[in-house]
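Please read the structure below before turning to the comments.
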Amino acid sequence: MATLRTIAGPVMASGFRLAGLNVDEARTAPEAAAILDRLAADPGTGVVLIEQEWFDALPELLRRTLEKQPVPIVVPIPRVEWEEGRPGAVSYILDLLQRAIGYRVRLQ
């Protein structure tokens with residue numbers, strides 16, 4: 001059975017872990033590329049989500065290799081940007097929790 005893996009920075013990794021996904025945390029684009037290369041060599045990896053910025057910075061050789069392989073399917077995801085005037089990350093997570101469990105929680 002193929003697995004879904006995620007390559008994300010510390011901020012996004014927390015959210016993916018809360019969603020129950022397997023996360024490989026990276027801090028730089030080269031580190032993310034090394035993780036992706038390792039995951040691509042594993043026949044059990046079916047889909048890899050990776051931050052768009054790191055996907056765009058992948059070495060050309062790795063990109064070509066991934067394009068030739070049927071799996072894993074690599075899906076770039078945009079980094080979350082909290083805009084001025086919009087609720088922050090904590091408020092957003094609290095709203096999600098309220099919808100999921102039916103009442104408002106308070107983080108300390």
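The values are calculated or read from the model by the stated rules, or taken from the named source; none is laboratory data. This structure is a prediction, so every number in the text was calculated from the model and none was measured. Cβ sites come from the backbone with ideal geometry, for glycine too, and all protein chains shown count toward neighbours.
Between a residue in the stretch 3-18 that is closer than 16 Å to R79 by Cβ and modelled with pLDDT of 90 or more and any residue that is assigned to a loop (DSSP other than H, G, I, E, B) and among the charged types (D, E, K, R), which pairs come within a Cβ distance under 7 Å, given they are 6 or more apart or on different chains? What qualifies is G9/R27. Somewhere in the stretch 1-16, is a residue surrounded by fewer than 18 Cβ atoms within 10 Å (Cβ to Cβ) and more than 28 Å from L97 (Cβ to Cβ)? Yes, the stretch 1-16 contains a residue that is surrounded by fewer than 18 Cβ atoms within 10 Å (Cβ to Cβ) and more than 28 Å from L97 (Cβ to Cβ).
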